[in-house]
1. Charges only on Cβ, +1 for Lys and Arg, -1 for Asp and Glu: so what's the dipole of chain B about the Cα centre, in debye to the nearest 20?
2. On a 0 to 90 degree scale, rounded to 10, what angle separates helix A:217-228 from the longest Cα axis of chain A?
3. For the protein assembly as shown, what ratio Rg/Rh do Cα atoms give with a Kirkwood hydrodynamic radius?
4. I need the peptides B:241-247, A:260-266 ranked by packing, meaning the mean over residues of other C-beta atoms within 10 angstrom, with the highest value on top.
5. Cα to Cα, under 20 Å, and not fewer than 8 places away if on the same chain: which lysines meet these conditions relative to B:LYS213?
6. Could you order peptides A:240-252, A:189-201, A:36-48 by the average number of other Cβ atoms within 10 Å of their residues, highest first?
7. Sequence gap at least 6, Cα distance under 8 Å: using those rules, report the relative contact order of the stretch B:2-260 to the nearest whole percent.
8. Students often get this wrong: which residues of the stretch A:67-91 have the backbone nitrogen under 17 Å from the point 7 angstrom along Cα-to-C-beta of A:GLN45?
Amino acid sequence: MVRRTLIRAGLFLIAAAGVALPLSAWAGALVQVAAGVYVRPGALQDASAANDDAIANIGFIVGRDAVAVIDPGGSAGDGGRLRVAIRAVTPLPIRYLIYTHVHPDHVLGAVAFMQDHPEVVAHARFAAAWGERGAYYRQGLARVLGGDPAQAGDALPPTQAVDTTADIDLGGRVLHVLAYGAAHTDSDLTVYDDQTRTLWAGDLLFEDRVPALDGSLTGWLKVLGQLKALPAVRVVPGHGPAQLPWPVGAADEERYLATLCRDVRALLKKGGDIDSAATVAQSEKGRWKLFDAYNGRNAITAFKQLEWEDPS
Amino acid sequence: MMKSRLYALALLATLAAPVAWAEDPAADAARWNDLRQALFANQALTPAKGQIALDAPDRAMDAALVPVTLTLDATLPVKTVYLVVDNNPSPLVGTFRFGPAAVPSQLKTRIRVDAYTHMHAIAETTDGRWFVTERYIKAAGGCSAPATKDAQLAMERLGQMRLKTVSDGPAGLPQGAVTVQLLVSHPNYNGMQMNQVTRHYTPARYIRDVTVKSGEALVFQLEADISLSEDPAFTFSYRPQGPLAVTVRDSTDATFSHTFGEGGS
């Protein structure tokens with residue numbers, strides 16, 4: 001019943017916003033995973049015109065005085081609909097945008113929040129990484145969506161660069177932002193909400209959709225260990241359901257990454273070359289969506305990193 | 001060679017940018033014809049029948065790191081091998097010139113591929129014969145896509161090298177010949193990633209020249225361009241005549257040298 005109401009509310013909001021969009025992208029709309037913590041789970045697909053790049057888990061946290069958006073969405077439309085959804089929940093000012101990392105499905109919706117003049121909080125590496133990648137991402141998405149660069153959206157430049165930690169005060173609610181070395185990407189950060197013991201992991205955590213490695217495999221495994229040590233009771237993954245219990249929610253991803261690491265090291269040890277890297281981690285096939293689209297690429301990235309390790 | 005290369009670049013500047021995902025046999029044939037004229041104008045290129053073979057995945061998993069294997073007829077006195085990726089912004093990927101310590105049997109490297117494209121490999125022998133082979137590859141975005149996974153590490157490790165012995169190298173090598181893989185850590189920034197904020201491109205910094213000697217004898221010298229992958233790798237065979245000395249020079253004229261002992265370390 002609650003769910004149906006939410007769906008109706010979502011449809012209404014879409015109509016009110018006058019945004020032409022695939023309804024499937026917002027079907028189910030927001031999930032309140034804890035008091036004041038709202039998540040819009042993304043579709044477990046690659047970006048398409050049909051899903052408007054609403055493929056990542058995005059959302060927001062509401063404090064006494066202000067709202068922080070955590071990942072503003074994958075396109076101008078995705079961000080716009082998130083903003084409309086926020087306005088239906090609270091009239092408080094949207095004072096912060098937090099980017100969990102540099103990938104387009106998480107940040108291109110930022111353009112929809114320009115009118116809020118938010119503080120834009122990102123990893124210290126974000127600006128440089130976006131500098132190298134942003135144009136490529138926008139062009140790529142514009143092509144997928146039908147050619148209009150405005151539809152693809154854009155990131156807003158960071159105003160606060162986090163190299164280790166930062167606290168964000170929403171009034172009676174402090175969010176702890178933690179930055180990491182290269183893991184999923186080289187600009188990953190997480191947000192921890194003390195009040196509800198909720199860890200917003202961004203793409204440091206995937207569930208159901210196969211993890212995509214664009215940073216450091218060993219770094220990612222290390223960071224995952226650090227995240228598991230946090231006192232969180234739930235986690236919001238970057239892809240997958242709106243929430244998972246923590247730390248048990250790390251198990252699938254950790255198994256995949258450890259398998260990838262073990263198999264690539266074994267391949268290296270027997271003298272295999274990178275052209276056979278895609279044969280690794282086949283024991284994970286069938287456990288993940290989009291496995292065939294990403295596993296081979298992950299294997300190449302992993303191989304390229306691990307071939308520089310000292311032989312054991 | 002240098003001059004013809006400039007012609008090739010000038011020529012390409014006048015051609016429309018290749019469309020990354022379209023397959024157009026007529027346009028592909030015209031492009032190769034232009035390239036062949038620009039790069040090898042005076043040579044008749046004989047279609048290879050085993051003299052040179054080119055192997056790469058039909059569809060690349062990572063367009064910024066496409067493994068390529070060149071296999072040569074070991075009985076042929078190959079002097080130089082040219083690798084061309086027709087639809088890349090700078091199509092001549094590399095020119096490998098073999099020296100007296102080389103066993104020109106197989107070469108492996110990793111390249112960037114920017115659009116669906118034909119690739120060509122050309123072998124030139126010491127007695128003036130030229131052979132060409134081609135294959136088609138589906139990959140896109142390898143030049144303009146972000147490739148660097150860990151920018152901090154890329155600069156920390158800049159210029160470091162590794163040498164690995166390859167135990168299952170090509171069959172039928174002459175007695176005493178060995179096969180090794182050389183890894184060079186270099187981001188190979190090709191200058192094609194634009195910073196949206198500054199509207200500047202990330203400055204190009206890529207490997208131009210790799211010279212490998214065994215003792216005093218040249219194994220090979222590679223003249224490269226922007227299409228080698230990040231952290232390029234080279235697998236080759238040679239007859240050891242002393243320690244293996246590698247010198248790499250990049251487009252900023254930074255030079256990195258390393259000598260590997262007989263044991264390969």
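Rule-based calculations on the coordinates, nothing more; no lab input. Please read all numbers here as calculations on a predicted model, not as lab measurements. No Cβ is skipped: glycine too gets one built from the backbone with ideal geometry, and neighbour counts run over all protein chains shown.
1. The calculation lands at about 240 debye.
2. Between the helix axis and the principal axis of chain A, the angle is about 50 degrees.
3. We get a ratio of 1.02 for the protein assembly as shown.
4. Per-residue Cβ counts within 10 Å, averaged per peptide and sorted highest first, yield A:260-266, B:241-247.
5. B:LYS79, B:LYS108, B:LYS164
6. On the way: A:240-252: 18.7, A:189-201: 23.2, A:36-48: 20.8.
The most tightly packed comes first, giving A:189-201, A:36-48, A:240-252.
7. Working: 623 pairs, mean separation 50.9, N = 259.
Relative contact order comes out at 20 percent.
8. A:74-79
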